[in-house]
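Participant: I have a structure I would like to understand better, so I am pasting it below and will then ask my questions one at a time.
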Amino acid sequence: MNPEIGHYALVLSLAVAILMTAIPIWGARTGDAALMRVGSTLALVLAGFVGLSFATLVVAYVQSDFSVLNVVENSHSAKPLLYRITGTWGNHEGSMLLWVLVLAIFAALVALFGGNLPARLKANVLGVQGAVAVAFLLFILLTSNPFIRVVPPPAEGQDLNPILQDIGLAIHPPLLYLGYVGFSITFAFAVAALIEGRIDAAWARWVRPWALTAWAFLTLGIAMGSYWAYYELGWGGWWFWDPVENASLMPWFAGTALIHSAVVMEKRDALKVWTVLLAILAFSLSLLGTFLVRSGVLTSVHAFATDPSRGVFILAILVFFIGGSLALYALRAPMLRQGGLFAPVSREGALVLNNLLLTAAAAAVLVGTLYPLALEAYNGAKITVGPPYFNLTVGALMLPVAFAMPFGPLLAWKRGDLAGAAQRLMAAFGAAIVIAALAAYAQGGGPLLAPFGMGLAAFVVIGAVAEVTERAGFGRVPRATAFARLRGLPRSVFGAALAHAGVGVCLFGIIAETSWNAERITGVKVGGRFEVGGYELTLDRLEPRNGPNYRDLAGVFTIRRGGVDIGTIESSKRLFTARNMPTTESGIRTFGFSQLYVSLGDELPGGGVGVRAYWKPYVTLIWIGSIIMALGGALSLSDRRLRVGAPKPAKKPKPAAEPKVVAAE
Amino acid sequence: MTRKKRRLLVISGAAAVLALSAGLVLFALNDTIVFFRTPSEIAAEGTRPGTRLRLGGLVKDGSVQHTDGTHVRFVITDHGADMSVAYVGLLPDLFREGQGVIAEGVIAPDGSFAADSVLAKHDETYMPKEVADALKKQGVWKEGEATQ
């Protein structure tokens, strides 16, 4: 396909996006139903054009069309097909195009599945989404056009950064963008509601599925990025508090707060002003993340080659959307009337606490990420805010969240019974103490973080189970009745419990890995052996190999435990010839939930190689827990009351749909 | 409880949580930030031993010595001053003589630098931003110039 088609489709997309911004909003203002309906059509057309443009770029990559500058700079004909495809978004221009594609897809989804939305709200939502698309399409066309040609075309490309030649690039950025950009819909809903000046519980019901979708994808995206960095960078770390990781974590905190506060708004008509603000903040933080990644103002593992004009452009977009939406918010928020009253100890109160702590965590990460920038602008001092800061602040804010998590769902709306909830959590608490004691015994002295953290994690997991069994009434009503009630519980209850359990599982992994990991850095010759975490490794051989676009030096190790041979593990040092760039391919073996991790260093003078080996107990639980969280989100989404297109609940009687565990008053 | 009282209770609870977290942030910032320095700046300021720093510059040509397996010594230079660095561990993939590097660690009593982490970037033409800025100030390196 001709790259000019892609370029042309992109220009057409801009025109469509401009119409999509103007027409439906105008229609909503004048009450013209026909104009409002045009929005849906335009959204589909926009997705079509952006999709065509993106497909053209993918084809240019697959065919190694070296007349396109972007392909020359980031591809190589010897690269395997998968990496030629994923290389499309492994660079600044292509990844921005993916960003806009996801934006257009979400707008199209609203057009397709938003049939139950009031016409005016839908028109305004699509209009706002169109405005975001206009800004980013302009950005691509003016500063980051991926379709620029080179004359004469070179015979060979410069290859993709070897770090990115990995299956991770196929998974992590698309998932992350589905999360990041997914929050544009909640943002559009918030701004649309503010434009109308009307907002009610129904609004929260319409927003929740979108917020949940974006949140689930963002959770997966962050987790997959973490696992990718873990095995690819060869340092054995799974979270670095890198500015770009922080940029994805901030919208995650805000989004997590949003999906919780939206529940309060839907059920109790309270916290409206706050929920709208969170919807704006979640996307604003996503935009800020895009700015931080794309402008290169911060040193980061993710920074592509940068260009100051891009940074200024994105900053302008940032100021327009964040400033504009917040100004509109300040203007309209006082008009929103507050509903439902509640006592401090109540379901609402617990959710407010959750929101406070999550937003405080987002703010702490924001301060830590931007403080170096601010200080340098102020007095030129160059500083780094490193992991100790983030571990301390985020850790201290998340511990109470974890502790309060099992209590929240057991409290009644309006006024809860804390003592009652605590009583029902006795079993979970007892189990947590047992786990903590076991952990302390296994550790045999040392800091108390591990036993405490593991006990807390167990409390969260068992507390999540307790919530479901409590709702079904196990132990209070006959077992058959309880099972019947269990089946009658709405899916969103199971979804929430599953997501909460996922948090506990993830926490367990984090605590176990941080407190109990073993590291060994050593030089070893062929035949030499060393020990890490109770495993003995012998370097059997070092063998050179050749790949399609690299040369390899692989080290093969035999693993023994208690003298018994239990397999081999291999790690290699890889030199990518096109860029003359070395990478480390770490070797990982999974035993249960734990992993043995080996990465090869340089060859040492006098023979042998440097080796870094780790024993990482329960490390996989970190990602498994995150996946469980996302699954919980998906399960909630499948609840028919939340389903986007669902008209009214089925007529089937549901006696146990919202059982009052505690009499409300 | 009256409506007003309830609201007051919720708001003051929120204010307390926010004040606590603000305090936490300030305390943590005060305690954990690490300054970036170049060898010339350290030579000029005479930073005390024991101070935690990020030291940036170029790896001086011919200065890398592997003493014993994983013990490495090398010199970081900004062409104004040199500083000797000791590090135990594996050097990153892109660590090369003549290239930009950042070492984090503390200044030892003998005036050398004991690094506990060494960073080189994932892109071979990349130079850590702090290092690039510092070298530009020294007039050693210009924008757009590859560093090999």
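Taken together, the values in this text are just the output of simple stated rules run on the coordinates, not laboratory data. Nothing here was measured: the structure is a model prediction, and the numbers come from that model. Counting neighbours? That spans all protein chains shown, and the Cβs are built from the backbone with ideal geometry, glycine included.
Participant: Across all directions of projection, what mean area in square nanometres is found for the Cα convex hull of the range A:114-235?
Facilitator: Its Cα hull, projected and averaged over all orientations, spans 11.0 nm².
Participant: A further question on this structure: From zero outward in steps of 5 Å, how is the percent of C-alpha pairs of the range A:1-165 spread across the bins?
Facilitator: In order of increasing distance, the bins hold 2, 10, 18, 18, 15, 11, 9, 7, 5, 3, 1, 0 percent.
Participant: For the protein assembly as shown, what size does the Cα cloud have along each of its three principal axes, sorted from largest down, in whole Å?
Facilitator: The Cα atoms of the protein assembly as shown stretch 78, 68, 53 Å along their principal axes.
Participant: What trypsin sites (Lys or Arg not before Pro) does the range A:455-502 have in DSSP loop regions with at most 14 other beta carbons within 10 Å?
Facilitator: Passing sites in the range A:455-502 are A:ARG476.
Participant: To continue, here is another question. State to the nearest 20 debye the size of the charge dipole of chain A about its Cα centre, where the only charges are +1 on K and R beta carbons and -1 on D and E beta carbons.
Facilitator: With only Lys, Arg, Asp and Glu charged at Cβ, the dipole is about 2480 debye.
Participant: I'd like the FRET efficiency for A:GLN423 and B:ALA16, computed as 1/(1 + (r/R0)^6) with the beta carbon distance as r and R0 of 25 Å, rounded to 0.05.
Facilitator: E(calc), rounded to 0.05, equals 0.40.
Participant: Continuing with the same structure: Evaluate the Debye formula for the range A:197-398 with equal point scatterers sitting on the alpha carbons, no solvent, and hand back log10 of I(q)/I(0) at q = 0.09, 0.10, 0.15 Å⁻¹, in q order, two decimals.
Facilitator: Debye output, listed in q order: -0.39, -0.48, -1.03.
Participant: When you have a sec, figure out the Kirkwood radius of the range A:518-616 from all distinct Cα pair distances and drop it here in Å to one decimal?
Facilitator: It is 13.7 Å.
Participant: On to the next question. Enumerate the residues in the range A:1-26 having an amide nitrogen under 14 Å from the point lying 7 Å beyond the Cα of A:ARG149 toward its Cβ.
Facilitator: Inside the label zone: A:1-8.
Participant: Pop the C-beta distance of A:ARG529 and B:THR67 into the FRET formula with R0 = 22 Å and round what comes out to the nearest 0.05.
Facilitator: Efficiency, rounded to the nearest 0.05: 0.50.
Participant: If you line up the Cα atoms of the range A:309-442 on their principal axes, what length do they span on each, largest first, in Å?
Facilitator: 59, 51, 23
Participant: Let me ask something additional. With a ≥ b ≥ c the root eigenvalues of the C-alpha gyration tensor of the range A:328-389, is it rounded (a/c under 1.5), prolate (a/b larger than b/c) or oblate?
Facilitator: oblate
Participant: Further question: Counting only residues 5 or more places away or on other chains, whose amide H sits under 5 Å from the amide H of A:TRP413 once H atoms are built in the peptide plane?
Facilitator: Correct list: A:ARG347.
Participant: Find the relative contact order for chain A and round it to a whole percent, using C-alpha pairs within less than 8 Å whose residues are 6+ positions apart.
Facilitator: 12
Participant: Here is a further query. Can you tell me the alpha carbon radius of gyration of the range A:405-515 divided by the globular rule-of-thumb value 2.2 N^0.38 Å?
Facilitator: Normalised Cα radius of gyration, the range A:405-515: 1.18.
Participant: Mean Kyte-Doolittle of at least -1.0 plus a Cα span of 27 Å or more along the axis: flag which DSSP H helices in chain A meet both, please.
Facilitator: Span-like helices in chain A: A:3-30, A:33-62, A:92-113, A:119-143, A:167-196, A:201-232, A:243-268, A:272-295, A:347-379, A:449-472, A:491-516.
Participant: Using amide H atoms built 1.01 Å from N in the peptide plane, name the residues 5+ places from A:VAL532, or on other chains, whose amide H lies under 5 Å from its own.
Facilitator: Under 5 Å from the amide H of A:VAL532 lie the amide H atoms of A:LEU537, each far enough along the sequence or on another chain.
Participant: Assuming a ≥ b ≥ c are the square roots of the Cα gyration tensor eigenvalues, decide whether the range A:370-424 counts as rounded (a/c under 1.5), prolate (otherwise, with a/b larger than b/c) or oblate.
Facilitator: Judged from the Cα gyration tensor, the range A:370-424 comes out prolate (a/c at least 1.5, a/b above b/c).
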